Each structure stands twice: as structure tokens, then as C-alpha cells.
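Data block below; observations after.
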Amino acid sequence: MKIFVSIKQVPARDSNLRVDAGGKWLDESDLTFEMNEPDAYALEEALQLRDKTGGEVVVVCAGPDRAAQTIREALAKGADRAIHIRQDEPASADSLVTARLLAKVLAKETPDLILTGLQSDDLGYGQTGVILAELLGMAHATIVMEVEVAAAGLRVKRELEDGWFQHIQLPLPAVLTIQSGIKKLRYATLMGIKKARAKDVKVVEAGSVTAEASAAIFVERVYLPEHKKQTQFLTGDPRQAAAQLIEKLRFEARAL
């Protein structure tokens, strides 16, 4: 089975985040970066599927030159090869841009299965996998907890609300959005790090992939939450005051 995993490089969770001078994104001058954690679970699921069924795992990452570090980490964990779509666009590029780039590259690779994380830790759109499936005309399932290879394709377990789950059959090829936390993540071993140096990383320039990658969403402003204090006095007897309090909590504070 030929499995592709979409990964993204994001700022590390313990980074000191500051807005850049233009107010459009983060100041990346002193940031450290890491693999998007939901994508790490997608990679782990792909590696375990390959170990059971055979084939290869290929990671695909759209990002600037620094994303090569995250790609090497994926190779060190066990991925067989990688494709780096070199994209100098800001990290705030929308899901449509990313999905179009991935679709153009993956369409030439004839994948059996494509896995993505549930969402990215920086923007959290949670749309790339869904759009990618539509662009490639593949079956798709989201919030996947378990994946089993069946005779007719795949059998997957999806997480629903209130503790409910759904089991569905999917034909191949397919795109799956993997839920975080479903497996224990592996660490890159010293031997894996050494082997990663010899594994193939194909670099593709984003501009040569597609001319249609115009953003549909634009970031107008990035800013810290504004903290405001306000005191309100509730009048009337206790019953009236309680009714006013409930109304304000429900409709103004939206805490109920």
C-alpha cells in the first residue's frame, strides 16, 4: 500500500509568541518549530499500517526551507521518502492554497491512502484533508480513531459526539483525517536518524506546481486578547437579581 502523510511545521508549543511589526502574523525571528502534533498521529497510523500490510510511507510537507528539519524528523521515525513543496508564503496561508498544492503533487503519485492530522496547532482550520479529498475525487472520513484494511478497501471507526462512534466502509483510494491521541507516538531512534540522511527528499517549487494557488482567506490582523474589567450592579430583590444574572451569563458572557 502506498500511503502519503501530509505534515506541517508549526511553532513549538512552549514558544514565546509575539506579533510581528506588521500585525499580520507572528514574529518568527526567535521561534523554534516542530511537527504539528495531530500530523504526528497521522504519521504513526501510517507507519503501523505499513508494518502490517507492506508498502511505503511518503511524507509531504508544504513550507519554507526550515520545514526540512520536520521532514527529516518524519524520515527518522520511519517514513520511506519525502516530498517538500517549497513554499515561501506566510504560515497563515489558507487551507485551499495548501490543498491545491498537495493535490497537484499527489495526483502524479497515485496514492492508495492519504492521511492528515485533525487540524494544525497554529491555525486550527481542520479543512485541508476535506478539501484535498474533494480535489482528488477520493472517499473521505474525518476524526478517524481506527483503520483496518478490508477486502473491499478500508473499515474505519469515527468519533462522534457524546461518546458515540461510527463504523464505515471506504473504498480505496481514500483520504482520512486522523484523530489525535489514538496511538502512542514513537521517538526517532539514533539508527533512524542516521538512516534518514540517506533517504530521498524530492523538492518541488510551489510556483511550478500550480498557478491557481490564490488565497481565499486573508489575515487582516493578529493581536493579543484585550483584557477588560467591568462592574455591573444588579437591582431589585434577590429573585429579580438572580434572573438578571442568569440572563447576562447566558446572552452577554455566554457562559451558560
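The values are calculated or read from the model by the stated rules, or taken from the named source; none is laboratory data. Because the structure is a prediction, the values reported are computed rather than measured. Don't worry about glycine lacking a Cβ; one is built from the backbone with ideal geometry, like all the others, and counts go over all protein chains shown.
Residue by residue through region 150-182, note down the ones that are out of contact with any strand residue (DSSP E or B) (no Cβ under 8 Å at 6 or more places or on another chain) and either on the phi > 0 side of the Ramachandran plot or touching a residue at least 60 places away in the same chain (Cβ under 8 Å) (or both).
Correct list: Asp162, Gly163, Gly181.
What pairs can you find where one residue is in region 27-50 and over 17 Å from Arg66 (Cα atoms) and surrounded by fewer than 24 Cβ atoms within 10 Å (Cβ to Cβ), the other is among the basic types (Lys, Arg) and modelled with pLDDT under 90, and their Cβ atoms are less than 6 Å apart, with a gap of 6+ or different chains?
Cβ pairs passing all conditions: Glu44/Lys183.
Within region 92-104, identify whether any single residue is crowded, with 19+ Cβ neighbours inside 10 Å and acidic (Asp, Glu), and answer yes or no.
Yes.
Tell me, which residue of region 195-234 that is modelled with pLDDT of 80 or more and small (Gly, Ala, Ser) is surrounded by the most Cβ atoms within 10 Å (Cβ to Cβ)?
Ala206
Would you call Gly192 modelled with pLDDT of 90 or more, part of a helix (DSSP H, G or I), surrounded by 11 or more Cβ atoms within 10 Å (Cβ to Cβ) and not acidic (Asp, Glu)?
So Gly192 fits the description; yes.
If Gly117 passes every condition in (1) within 18 Å of the chain's Cα centre (by Cα); (2) modelled with pLDDT under 90; (3) of a type outside the set (Phe, Trp, Tyr) but one, which one does it miss?
(2)
Which of (1) among the polar types (S, T, N, Q); (2) surrounded by fewer than 13 Cβ atoms within 10 Å (Cβ to Cβ); (3) assigned to a loop (DSSP other than H, G, I, E, B) does Gln240 not meet, given it meets every other one?
(3)
All but one of (1) surrounded by 16 or more Cβ atoms within 10 Å (Cβ to Cβ); (2) β-branched (Val, Ile, Thr); (3) over 27 Å from Pro11 (Cβ atoms) hold for Thr116, so report the exception by its number.
Evaluating Thr116 over (1) surrounded by 16 or more Cβ atoms within 10 Å (Cβ to Cβ); (2) β-branched (Val, Ile, Thr); (3) over 27 Å from Pro11 (Cβ atoms) leaves (3) as the failure.
Please state which of the following conditions Ser15 fails to meet, knowing it meets all the rest: (1) under 29 Å from Leu190 (Cβ atoms); (2) touching a residue at least 40 places away in the same chain (Cβ under 8 Å); (3) out of contact with any Pro (no Cβ under 7 Å at 6 or more places or on another chain); (4) among the small types (Gly, Ala, Ser).
(2)
Output the residue which, of all residues in region 151-177 that are in a strand (DSSP E or B) and within 17 Å of Pro111 (Cα to Cα), is nearest to the chain's Cα centre (by Cα).
For region 151-177, the residue satisfying everything is Thr177.
Those residues that are under 18 Å from Ile3 (Cβ atoms) and among the small types (Gly, Ala, Ser), I need them from region 153-191; list them, please.
The answer is Gly153, Ala174.
I'd like to verify a number: residues in region 1-27 that are under 21 Å from the mean Cα position of the chain (by Cα), part of a strand (DSSP E or B) and within 23 Å of Phe218 (Cα to Cα), how many?
Adding up the residues that qualify gives 6.
Against the condition in contact with a strand residue (DSSP E or B) (Cβ under 7 Å, 6 or more places away or on another chain), closer than 28 Å to Leu132 by Cα and either touching a residue at least 24 places away in the same chain (Cβ under 8 Å) or part of a loop (DSSP other than H, G, I, E, B) (or both), how does Leu185 come out, does it pass?
In short, no.
I'd like the full set of residues that are among the acidic types (Asp, Glu) and closer than 20 Å to Ser15 by Cβ, limited to region 32-90.
Once the filter is applied, which keeps residues that are among the acidic types (Asp, Glu) and closer than 20 Å to Ser15 by Cβ, region 32-90 yields Glu34, Glu37, Asp39, Asp65, Glu73.
For region 124-150, what are the residues that are farther than 16 Å from Val5 by Cβ and within 9 Å of the chain's Cα centre (by Cα)?
Across region 124-150, the qualifying residues are Gly124, Tyr125, Gly126, Gln127.
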